[in-house]
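Structure record follows, encoded as structure tokens.
The values are calculated or read from the model by the stated rules, or taken from the named source; none is laboratory data. Since we're looking at a predicted model, the values are computed, not measured. Here the Cβ positions follow ideal geometry from the backbone for every residue, glycine too, while neighbour counts run over all protein chains shown.
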Amino acid sequence: MSIELRMGTPQDAEACGSICFNAFKTIAEKHGFPADFAAPEVAIGLLTWLLSRGDVYSVVAELDGRIVGSNFLWEHAIIAGVGPVTVDPEVQNNSVGRRMMEEVLRRARERNFAGVRLVQAAYHNRSMSLYTKLGFTAQEPLSCVQGAALGLKIPGHAVRAAMESDLEACGRVCGVVHGHERAREVLEAVRQGTATVVEHEGRITGYATVVGFLGHAVGESNEDLKALIGAATAFAGAGMLLPTRNGELLRWCLNRGLRITQPFTLMSRGLYNEPRGPFLPSVLY
């Protein structure tokens, strides 16, 4: 097969979004799991947004002039995130995914990112095999958790909307937990009105860009994350990604009626620091 790769444009959104929806739906249904996107329009909307951003590098794969897949490299911080990577189910297992992954990794090397990370569906053996061959290492098993908003408050841990003046404190907490900050993502979430912070004993001890699939959260303690989760009005997208090894926090969620919908794996290549505090990764990392 003669596969050609090129950068994506906003005009590719409908074709790429439709493939994205069908690819995730096909593999999820094959394994008995819910699809990541509720409808094609949701995937098309996401890719329209990604293809219009200057800080997200896009790759589109074409076969005989027809779009058959896409991939994205999020270039927000010293760590780059990958995804969504999707291939038309009709042409899967023909190295299209590998070619697109090799291209974003080439881009990451060119831009000198300290590391590259992604989150993959743990039931998808082919993607796990591909990413491992490409140098990624499985770092953290994740559980996607969804359900009705809890509407809970944690004593001594007050949650409020984040402000731009909170960025330094948020960066400090992220630095303690992960060894690096994600300031651009936090700033964007603040400006969109989705970011929240938790305060304990008069200082910020955690934050969330959004409690859901595309957002991340960090805290100094599980009580901080419980407060952020308890205050969320919904768990955006497919749900929040919770490290399965954090048994205390996972049990707390399950005992309050939330449910695990599917397993994921956080994988990394290059710099990775074992987290020194509780966190919720986004679908990127």
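Working carefully through the options Asp55, Asp36, Asp12, find the one that is among the acidic types (Asp, Glu), crowded, with 17+ Cβ neighbours inside 10 Å, over 18 Å from Phe213 (Cβ atoms) and in the same structural domain as Pro84 (by TED's automatic domain parsing).
On the way: Asp55 fails: crowded, with 17+ Cβ neighbours inside 10 Å; Asp36 fails: over 18 Å from Phe213 (Cβ atoms).
On inspection, the qualifying residue turns out to be Asp12.
Please go through region 1-57 and pick out each residue that is of a type in the set (Ser, Thr, Tyr) and either without any contact (Cβ under 8 Å) to a residue 24 or more places away in the chain or within 19 Å of Val91 (Cβ to Cβ) (or both). Please lay out each step first, then the result.
Going through region 1-57, the residues of a type in the set (Ser, Thr, Tyr) turn out to be 2, 9, 18, 26, 48, 52, 57.
Correct list: Ser2, Ser18, Thr26.
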All but one of (1) in contact with a strand residue (DSSP E or B) (Cβ under 9 Å, 6 or more places away or on another chain); (2) assigned to a loop (DSSP other than H, G, I, E, B) hold for Lys226, so report the exception by its number. (2)
Considering Val210, Val173, Val159, Val197, which residue is assigned by TED's automatic domain parsing to the domain that holds Met267, under 13 Å from Leu228 (Cβ atoms) and assigned to a loop (DSSP other than H, G, I, E, B)? Val210
Name the residue, out of Gly193, Gly115, Gly215, that is more than 19 Å from Phe279 (Cβ to Cβ), in contact with a strand residue (DSSP E or B) (Cβ under 9 Å, 6 or more places away or on another chain) and touching a residue at least 12 places away in the same chain (Cβ under 8 Å). Gly193
Of the residues in region 236-258, those that are under 19 Å from the mean Cα position of the chain (by Cα) and either part of a strand (DSSP E or B) or of a type in the set (Lys, Arg) (or both) come to Ala236, Met240, Leu241, Leu242, Pro243, Arg245
Residues of region 259-269 satisfying the condition of being under 18 Å from the mean Cα position of the chain (by Cα) and either closer than 24 Å to Glu181 by Cβ or not aliphatic (A, V, I, L, M) (or both): Thr261, Gln262, Pro263, Phe264, Thr265, Leu266, Met267, Ser268, Arg269
Hey, could you check region 39-73 for residues that are part of a loop (DSSP other than H, G, I, E, B) and over 17 Å from the mean Cα position of the chain (by Cα) and say which is nearest to Asp12 (Cα to Cα)? Ser52
Please go through region 231-265 and give me each residue that is under 23 Å from Arg126 (Cβ atoms), surrounded by 21 or more Cβ atoms within 10 Å (Cβ to Cβ) and among the aliphatic types (A, V, I, L, M), ordered by number. Ala238, Leu241
Any idea which residue in region 166-220 is surrounded by the most Cβ atoms within 10 Å (Cβ to Cβ), counting only those that are of a type outside the set (A, V, I, L, M, F, W, C) and touching a Pro at 6+ places or on another chain (Cβ under 7 Å)? Gly219
